[in-house]
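For reference, the structure is listed below as structure tokens.
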Amino acid sequence: MEVDYSVTPASASGPKDPSAYRPDPQAFALINALQNFTIASDHYAHLVGGNNKMMQRDMYALRAIMQGSLAGESLSPTDLAKAVNLSTPATTALIDRLVKSGHVTRRASETDRRRVVLEATPKAAEDGRRMFMPLAMSLMTVIDRYSPEQIALLTEFTNEAVDAVHQSAEASKVEE
């Protein structure tokens, strides 16, 4: 069956009836490229994680903890559960694995001693660099081909695409 790409949405938020939506060929190619990038990135993370005896979810958790630290925020186990979309028992098991592997420590919050916060260790940063620096270097060879203005546009687009994914995920959640 041939797909008709001639109809495009009138608004940036998309059509009211998704079945009527037909992206233009360039938009469709971009969405396809993003999906391919996501799959390739997931494959890479799975490969290097497996080589280092880490599950992908553990790496996502470490990234969330490290990003929190960079933003000046300490994540609690509850915050982490929300960030990686896990139940309380599954989050506890994940944190236990990260503590056992030497990637995370638990400590009492400086502002509320009853609250536990999570911190990534220097080992986590070292292992992360070892696992992901080859990918970062490969991506930098691609990024270096673009002007600063193009990189700014690509960064803006990527951030907006991430927001769109989060919004779609929220809209897709089933009420319990």
Problem - Where a residue in the stretch 76-87 is under 17 Å from Thr111 (Cα atoms) and its partner, wherever it lies, is small (Gly, Ala, Ser), with Cβ under 7 Å and at least six apart - result: none
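Tell me whether the stretch 97-109 contains one or more residues that are part of a helix (DSSP H, G or I), modelled with pLDDT of 90 or more and over 22 Å from the mean Cα position of the chain (by Cα).
Within the stretch 97-109, one or more residues are part of a helix (DSSP H, G or I), modelled with pLDDT of 90 or more and over 22 Å from the mean Cα position of the chain (by Cα).
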Fill in the blank from the handout: Over the stretch 18-48, the set of residues more than 15 Å from the chain's Cα centre (by Cα) and either among the acidic types (Asp, Glu) or surrounded by 14 or more Cβ atoms within 10 Å (Cβ to Cβ) (or both) is Arg22, Pro23, Asp24, Leu30, Val48
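The values are calculated or read from the model by the stated rules, or taken from the named source; none is laboratory data. Everything quoted here is computed from the prediction, not taken from an experiment. When we count neighbours, we look across all protein chains shown, and the Cβ atoms used for this are built from the backbone with ideal geometry, even at glycine.
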